[in-house]
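Below you'll find the structure, written out as structure tokens, and then a few comments.
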Amino acid sequence: MTQNIAQLKDELTQAIAAANDLQKLEEARVAALGKKGRITDLMKTLGNLAPEERKDFGAAINLLKDEVTALIEKQEAGLKKQAMAEKLSRETLDITLPIRPEAKGTIHPISQTMDELISIFGSMGFQLDEGPDIEDDWHNFTALNFPPGHPAREMHDTFYLPDDADEKGEAAKKLLRTHTSTVQIRHMMGKKPPFKMICMGRVYRSDYDMTHTPVFHQIEGLVIDKNINMGHLKGCLMDFLRAFFENDKLGVRLRPSFFPFTEPSAEMDIGCSRKNGELKIGEGDDWLEILGCGMVHGNVLKNCGIDPDEYQGFAFGMGIERIAMLKYGIPDLRTFFESDTRWLDHYGFNPLDRPNRATGGK
Ligand code: PHE
């Protein structure tokens with residue numbers, strides 16, 4: 001009898017170990033412990049035994065039953081663990097995808113420089129204004145004290161638009177603005193000073209060489225109030241240039257000049273060195289012209305309905321490409337407009353750069 005039990009235990013143990021999925025294990029359980037299972041069958045034979053035999057045999061079968069149950073539970077736990085591991089590995093999400101390739105675009109040096117200009121003049125309390133690219137003769141010239149037929153008009157190499165000027169007269173003649181001073185006229189017209197504004201945008205002149213392109217960008221500024229003088233002009237522009245070129249000791253000087261819309265007129269130079277043909281800003285004892293400026297001409301104020309005996313002020317203007325070329329060491333103006341991606345890669349700016357925190361191209 002005992003031998004029978006030992007043998008049965010071996011067989012059942014093997015069958016349980018061989019059950020390699022939950023279904024087979026269940027079959028093995030039924031075959032051992034089910035209603036017609038081998039252990040159950042063995043239990044049924046107990047009734048035929050003599051009482052003293054029955055006690056030992058009963059205890060042995062119960063032990064076997066417990067052992068087999070434990071084995072099944074153990075096997076079941078193992079199989080469940082294995083099934084879960086398989087499921088997890090099958091359903092795994094690969095969250096280690098490679099990051100997207102770095103964004104290709106860069107901020108054009110003109111946009112970057114404009115952002116810097118807004119940031120500096122904005123912090124000085126200037127307001128930004130805009131005006132149309134297509135202008136008329138009055139806003140571009142006459143209001144700015146260019147009398148009809150004045151030679152300064154010729155110097156602007158103006159693009160005129162074919163239109164009905166003959167019928168409406170000279171002042172309505174359409175053109176592409178040759179400077180952004182037009183925006184200052186629009187800003188002043190019909191409003192009461194004080195004014196403290198800048199404007200930026202495209203301007204057009206029929207010219208093309210290493211330092212001239214038919215379209216380029218200007219920034220102009222205007223300050224009008226009751227007691228504005230040349231001292232304010234110089235201080236304001238000096239502060240601006242030192243901030244823009246990130247050099248607190250940058251030398252500046254004013255040189256007399258001529259513009260129809262300012263009196264007196266001046267050009268501002270910044271200190272530089274040209275040793276061995278290499279231009280370095282903020283060093284040495286040489287000078288480089290950087291912008292035009294002056295006290296707004298009384299006629300311009302009058303043309304905009306402002307009394308020059310009550311209000312005065314200054315204006316200034318400069319080429320954005322020019323100051324960008326100087327700050328970022330870009331040698332040829334024409335390259336700004338060629339859309340060459342190699343140039344943009346080299347001179348463009350990271351979109352996440354903060355204006356005027358940048359120290360140059362990438
Ligand atoms: N409008 C002038 C130009 O385009 C620049 C300028 C503006 C000069 C304001 C003086 C004062 O040449």
Margin query: Sort 198-209, 11-22 by the packing proxy (mean of other Cβ within 10 Å over each peptide's residues), most packed first.
Written below: 198-209, 11-22
Notebook entry, point to check: aspartates and glutamates near residue 249 by alpha-carbon distance under 15 Å, same-chain residues fewer than 8 away left out - which ones?
Noted result: 239, 269, 283, 285, 286
Next item on the list: Any chance you could list the semi-axes, whole Å, largest first, of the equivalent ellipsoid that the Cα gyration tensor gives for the chain, using √(5λ)?
Entry: 96, 23, 20
Checklist line | Sum of side-chain charges, residue 218 neighbourhood, beta-carbon under 10 Å (Lys, Arg +1; Asp, Glu -1) | finding: +1
Notebook entry, point to check: Can you give the net charge of the other residues whose Cβ lies under 13 Å from the Cβ of residue 333, counting K and R as +1 and D and E as -1?
Noted result: -2
Next item on the list: Write out the GluC sites (Glu not before Pro) in the range 254-294 meeting two conditions: DSSP loop, and at most 16 other Cβ atoms within 10 Å of their Cβ.
Entry: 278, 283
Next item on the list: Could you sort 75-84, 139-148, 239-248 so that the peptide with the highest average Cβ count within 10 Å comes first and the rest follow in order?
Entry: 139-148, 239-248, 75-84
Item checked: Accessible area of the chain divided out per residue, in Å², using a probe of 1.4 angstrom -> 58 Å²
Check: How big is the range 2-90 by the Kirkwood estimate over distinct Cα pairs, in Å?
Finding: 14.0 Å
Margin query: Cut-off 10 angstrom, C-alpha nodes, Gaussian network model of the chain. Which of 225, 66, 285 fluctuates the most?
Written below: 66
Note to self: With n ≥ 4 as the cut-off for DSSP H runs, can you work out [θ] at 222 nm for the chain, using -39500 (n - 2.57) per run divided by the number of residues, rounded to the nearest 500?
What the structure shows: -12500 deg cm²/dmol
Check: Where does the charge balance sit around residue 306 when Lys and Arg score +1, Asp and Glu -1, over other residues with C-beta under 14 Å from its C-beta?
Finding: +1
Item checked: Size of the range 135-280 as Cα extents on the principal axes (Å, biggest first) -> 55, 43, 24
Margin query: Excluding same-chain pairs closer than 8 in sequence, count the lysine pairs in the range 2-90 whose Cα atoms lie under 23 Å apart.
Written below: 28
Notebook entry, point to check: Taking residue 226 as the anchor, which aspartates and glutamates have their alpha carbon closer than 14 Å to its alpha carbon, excluding any fewer than eight residues away along the same chain?
Noted result: 307, 309, 310
Next item on the list: Tally up the carbon and sulfur contribution to the accessible surface of the range 2-90 as a whole percent, 1.4 Å probe, everything protein left in place.
Entry: 55 percent
Notebook entry, point to check: Which whole-number percent gives the relative contact order of the chain, counting Cα pairs below 8 Å spaced six or more residues apart?
Noted result: 15 percent
Check: Where in the chain are the helices, taken as whole DSSP H runs, whose Cα atoms extend 18 angstrom or more along the long axis and whose Kyte-Doolittle mean reaches at least -1.0?
Finding: 2-18, 51-90, 109-123, 230-244
Check: Using the alpha-carbon centroid of each, what span in Å lies between the range 286-315 and the range 116-132?
Finding: 18 Å
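The values are calculated or read from the model by the stated rules, or taken from the named source; none is laboratory data. The model shown is predicted, which means the values in this text are computed figures rather than measured ones. Every residue, glycine as well, gets a Cβ built from its backbone with ideal geometry; the counts of neighbours run over all protein chains shown. Remember, those area values only see protein heavy atoms, side chains included, never the ligands or the DNA or RNA. Shrake-Rupley method; radii C 1.70, N 1.55, O 1.52, S 1.80 Å.
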